[in-house]
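The values are calculated or read from the model by the stated rules, or taken from the named source; none is laboratory data. In this text the structure is predicted, and so the values were computed from the model without any measurement. Note that we place each Cβ from the backbone using ideal geometry, even for glycine, and neighbour counts take in every protein chain shown.
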């Protein structure tokens, strides 16, 4: 069943060439989940909808939504590109990774609920100058439930305590307090500052995020822990992760800075 002349909010997730002059553009939408749109002659000069389908663009669109198969755009009411992200290879990589996680976490056509707002807010934060690595970390933590992995970040999974040192246990699916560390020889040994941030990230509302300052050492620890969780418990990552890792490894070789660790 087709829904014609539907107006919806959309965010460009990816684009690919199709046939001789057409293009396939995947959008996250506020109403219809992720949808793939076929745009005829989109690769020809002077294509009238070109500004609305640029990478890292969000806007208001009109089109035909098909329940199965490809959908079609007929008009762009308004569109805005995240220009800093589009122009900066580092910001581009982090934004692509966040969008890739959301793309992997939800089947096409399934309602995204609050995740559409999460995607647009994440890109707004990155474009506004917030630390993109931390925005990506928040996305990684909060999307675990969408991947079918929902670690308990609140308290020790065995006795509910929070007054003792805590560590992450894959075996028990969440935090273990010091009284139970002996039960898991393979607990993650997460550094306290990183664990504090992971717990904050699991519940933080991006709209209430005012500042992010995290030391390079804690960033590396966050990356170690989240990479292991995604490798062992999720089992999949976006293709953008490989480039992001290469870029992060290069950045790690830069002279270290020593800011404090905080997130508000």
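Before moving on, here are some points about what is shown:
- Strands (runs of 3 or more DSSP E) wholly inside segment 1-87 that include at least 3 residues being touching a strand residue (DSSP E or B) at 6+ places or on another chain (Cβ under 7 Å), surrounded by fewer than 16 Cβ atoms within 10 Å (Cβ to Cβ) and in contact (Cβ under 8 Å) with a residue 60 or more places away in the chain: 2-18
- Cross-chain or 6+ apart pairs with Cβ under 7 Å, segment 218-242 first and outside the structural domain of residue 146 (by TED's automatic domain parsing), then surrounded by 15 or more Cβ atoms within 10 Å (Cβ to Cβ) and modelled with pLDDT of 95 or more: none
- Qualifying helices (runs of 4 or more DSSP H) (wholly inside segment 145-255; at least 1 residues being in contact with a strand residue (DSSP E or B) (Cβ under 9 Å, 6 or more places away or on another chain)): 192-203, 216-229
- Candidates are the residues of segment 96-118 that are in contact with a strand residue (DSSP E or B) (Cβ under 6 Å, 6 or more places away or on another chain) and assigned to a loop (DSSP other than H, G, I, E, B); the one that is nearest to residue 238 (Cα to Cα) is 108.
- Cβ-Cβ distances below 8 Å connect the following pairs, each with a first residue in segment 143-167 that is assigned by TED's automatic domain parsing to the domain that holds residue 194 and surrounded by 15 or more Cβ atoms within 10 Å (Cβ to Cβ), a second residue that is modelled with pLDDT under 95 and outside any strand (DSSP E or B), and a separation of six or more residues or different chains: 144/150; 147/236.
- Matching residues, segment 93-104, being within 19 Å of residue 206 (Cα to Cα) and in contact with a helix residue (DSSP H, G or I) (Cβ under 6 Å, 6 or more places away or on another chain): 94, 95, 96, 97, 98, 100, 101, 102
- Residues being under 10 Å from the mean Cα position of the chain (by Cα) and closer than 21 Å to residue 15 by Cβ - total across segment 105-119: 3
- Filtered by the rule that a residue be surrounded by 13 or more Cβ atoms within 10 Å (Cβ to Cβ) and either outside the structural domain of residue 229 (by TED's automatic domain parsing) or more than 30 Å from residue 126 (Cα to Cα) (or both), segment 179-216 gives 179, 180, 181, 184, 187.
- Here residue 121 fulfils each of the conditions (1) farther than 16 Å from residue 59 by Cα; (2) outside any loop (DSSP other than H, G, I, E, B) apart from (1).
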